[in-house]
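Asks: Once you've had a glance at the structure underneath, I'll fire off some questions.
The values are calculated or read from the model by the stated rules, or taken from the named source; none is laboratory data. All of these numbers come straight from a predicted model, not from anything done at the bench. Every residue, glycine as well, gets a Cβ built from its backbone with ideal geometry; the counts of neighbours run over all protein chains shown.
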């Protein structure tokens, strides 16, 4: 039997199919999606859940005239397959041709680049408002996972959406799951609505002023398309509450929804990773083991996460074991920062683990709620620096973002020994907020002199002494600095100091002035992040009125999408010999 999928190029091709053919198409998409993600890895569970919903959206509505906006957009694979990008899901040679998130550069069917959660409703409200001001006619649909409702922006958007006069359709994809378990009182009402078939008198959406439609089986094309057809062109704000099954159609993903939320390449028949499990020590499990030991003897230490518990290694068993000392606030990083400020001020020792790209969501809370109050909480920033991922998940912006806020000590360890030393001091001190930039994924060991204290004034570590130049190699770029120094000494006869700054946010005036007194002609800074507003600029400003030349190495201020780290290092001049060549050129000038 020929596949219906083979004849699908655009959403218009869905309009000619019968209901039974559309059901069959959804099955073919599910089979192809499993096959493709088994090779590439990706967000499996969430995408398998929305195949029927997404197909129904494109059958009922008329994209791109009607605007479909996905929250987070990690569940957009079927959407992309149906909108002129099928090759990326059926042809192995094209698997890498599209990103895992919506992207207007790929297709007019993608209105926004989206990669963070709880944003779709606000984007949809703005889109609908602009439509109404211009007196245009089309549907605006926001597709929002239930996990996104734990974020404050989603509720700000809902509050504003309920005031609209015209059309806006908010589809709540409810699979009773975020990355891990959903967290918060809202989910009691979602569960009540699911259990009552949407008929419970207590209905948070109706209470806000929305018309409300319930779809019990969101994995039935017939059921979900029928309700969507009913609300198409509606002239008021409406909620369509669709119940789906995360991982639908692939038993291992249905059984362990947390594990299969995002998965590396895997064997479809066995339901097991294709590659052996990583046995090397990582900063994730190093942090986990450290926190377990500390929490077992000190009940005031609390590990905090915003919807990503495994960032600090806490699986379901550990979360149950430390019920009172592990808090998942849901996907609400801004709340998490204010929450830990309150805990720290009241005598607890919270440790918040967060991805660098998600720290961006917390700027006001870092400044006004945490730093202004000098609350002695600890924030561990994972996955920072130049990376090969999506432009929505870049890790290079945390240094300029957080290092310029008063009252925060921002530290950058070079190895696991230094990391643990900083972590121990940060938790036990009671004076100020501390951010630690976790220096990678796999741990490395270093022969470092540990001060066991990182209070101000800042004190850099002079690892090696030299007279001609000094390399200040920050955090994860320490080894890069050491290699550049080795080449300068052995191949060019340049006498070079190697310095571990330790502090991202603070200057060690004594050390920096000492370099001038010792006759140093050049200062080189290396940082794994964006240069604008970063560590190197602080050093350059310090030497601005002197004769010392300063070279700053790092990344430019721009969005990068799925470019390998090695390619970026080459482009930015961050390979050891590129750095050496630039230093020699300036020394000779």
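Asks: Among the residues of the stretch 339-348, are any surrounded by 19 or more Cβ atoms within 10 Å (Cβ to Cβ), more than 16 Å from residue 311 (Cβ to Cβ) and within 19 Å of the chain's Cα centre (by Cα)?
Replies: No, the stretch 339-348 contains no residue that is surrounded by 19 or more Cβ atoms within 10 Å (Cβ to Cβ), more than 16 Å from residue 311 (Cβ to Cβ) and within 19 Å of the chain's Cα centre (by Cα).
Asks: So is residue 533 in contact with a helix residue (DSSP H, G or I) (Cβ under 7 Å, 6 or more places away or on another chain), in the same structural domain as residue 580 (by TED's automatic domain parsing), at positive phi and in a loop (DSSP other than H, G, I, E, B) or not?
Replies: Yes: the conditions hold for residue 533.
Asks: Can you pull out the helices (runs of 4 or more DSSP H) entirely within the stretch 346-443 that have at least 1 residues that are out of contact with any helix residue (DSSP H, G or I) (no Cβ under 8 Å at 6 or more places or on another chain) and not assigned by TED's automatic domain parsing to the domain that holds residue 529?
Replies: The qualifying helices (runs of 4 or more DSSP H) are 398-402, 416-428.
Asks: Of all residues in the stretch 78-98, which are out of contact with any helix residue (DSSP H, G or I) (no Cβ under 6 Å at 6 or more places or on another chain) and either buried (at least 21 other Cβ atoms within 10 Å of the Cβ) or outside any helix (DSSP H, G or I) (or both)?
Replies: 80, 83, 84, 85, 86, 91
Asks: Using the structure shown, decide if residue 515 is touching a strand residue (DSSP E or B) at 6+ places or on another chain (Cβ under 8 Å), buried (at least 20 other Cβ atoms within 10 Å of the Cβ), more than 20 Å from residue 544 (Cα to Cα) and without any contact (Cβ under 8 Å) to a residue 60 or more places away in the chain.
Replies: Spelling it out, it is not the case that residue 515 is touching a strand residue (DSSP E or B) at 6+ places or on another chain (Cβ under 8 Å), buried (at least 20 other Cβ atoms within 10 Å of the Cβ), more than 20 Å from residue 544 (Cα to Cα) and without any contact (Cβ under 8 Å) to a residue 60 or more places away in the chain.
Asks: Would the stretch 160-176 turn up any residue that is farther than 29 Å from residue 306 by Cβ, touching a strand residue (DSSP E or B) at 6+ places or on another chain (Cβ under 8 Å) and not in a loop (DSSP other than H, G, I, E, B)?
Replies: Within the stretch 160-176, none of the residues are farther than 29 Å from residue 306 by Cβ, touching a strand residue (DSSP E or B) at 6+ places or on another chain (Cβ under 8 Å) and not in a loop (DSSP other than H, G, I, E, B).
Asks: Let me ask something additional. Just to be sure I understand, how many residues within the stretch 278-331 are more than 22 Å from the chain's Cα centre (by Cα) and in a helix (DSSP H, G or I)?
Replies: Selection size over the stretch 278-331: 13.
Asks: A further question on this structure: Could you check residue 101 against (1) crowded, with 24+ Cβ neighbours inside 10 Å; (2) part of a helix (DSSP H, G or I) and say which number it fails?
Replies: Among (1) crowded, with 24+ Cβ neighbours inside 10 Å; (2) part of a helix (DSSP H, G or I), residue 101 violates only (2).
Asks: Kindly provide the set of residues from the stretch 463-473 that are surrounded by fewer than 18 Cβ atoms within 10 Å (Cβ to Cβ) and assigned to a strand (DSSP E or B), ordered by number.
Replies: Within the stretch 463-473, 464 is the sole residue that qualifies.
Asks: Within the group 217, 189, which residue is over 27 Å from the mean Cα position of the chain (by Cα) and under 16 Å from residue 50 (Cβ atoms)?
Replies: It is 217.
Asks: It is to be established whether one or more residues within the stretch 487-496 are buried (at least 17 other Cβ atoms within 10 Å of the Cβ) and assigned to a helix (DSSP H, G or I).
Replies: yes
Asks: Among the residues of the stretch 129-145, which ones are out of contact with any helix residue (DSSP H, G or I) (no Cβ under 6 Å at 6 or more places or on another chain), modelled with pLDDT of 95 or more and crowded, with 21+ Cβ neighbours inside 10 Å?
Replies: 139, 141, 143
Asks: Restricting attention to the stretch 202-211, does a residue exist that is without any contact (Cβ under 8 Å) to a residue 24 or more places away in the chain, under 30 Å from the mean Cα position of the chain (by Cα), part of a helix (DSSP H, G or I) and assigned by TED's automatic domain parsing to the domain that holds residue 157?
Replies: Within the stretch 202-211, one or more residues are without any contact (Cβ under 8 Å) to a residue 24 or more places away in the chain, under 30 Å from the mean Cα position of the chain (by Cα), part of a helix (DSSP H, G or I) and assigned by TED's automatic domain parsing to the domain that holds residue 157.
Asks: Does at least one position in the stretch 107-121 carry a residue that is closer than 22 Å to residue 228 by Cα, touching a residue at least 24 places away in the same chain (Cβ under 8 Å) and not in a loop (DSSP other than H, G, I, E, B)?
Replies: Scanning the stretch 107-121, I find at least one residue that is closer than 22 Å to residue 228 by Cα, touching a residue at least 24 places away in the same chain (Cβ under 8 Å) and not in a loop (DSSP other than H, G, I, E, B), so the answer is yes.
Asks: Would you mention how many residues in the stretch 543-564 are in contact (Cβ under 8 Å) with a residue 60 or more places away in the chain and surrounded by fewer than 14 Cβ atoms within 10 Å (Cβ to Cβ)?
Replies: 3
Asks: Got a number for residues in the stretch 126-156 being in a helix (DSSP H, G or I), in contact with a strand residue (DSSP E or B) (Cβ under 8 Å, 6 or more places away or on another chain) and under 24 Å from residue 218 (Cα atoms)?
Replies: Going through the stretch 126-156 one residue at a time, the tally reaches 3.
Asks: Could you tell me whether the stretch 376-390 includes any residue that is more than 19 Å from residue 114 (Cα to Cα), modelled with pLDDT of 95 or more and surrounded by fewer than 19 Cβ atoms within 10 Å (Cβ to Cβ)?
Replies: Checked against the condition, which is being more than 19 Å from residue 114 (Cα to Cα), modelled with pLDDT of 95 or more and surrounded by fewer than 19 Cβ atoms within 10 Å (Cβ to Cβ), the stretch 376-390 yields no hits at all.
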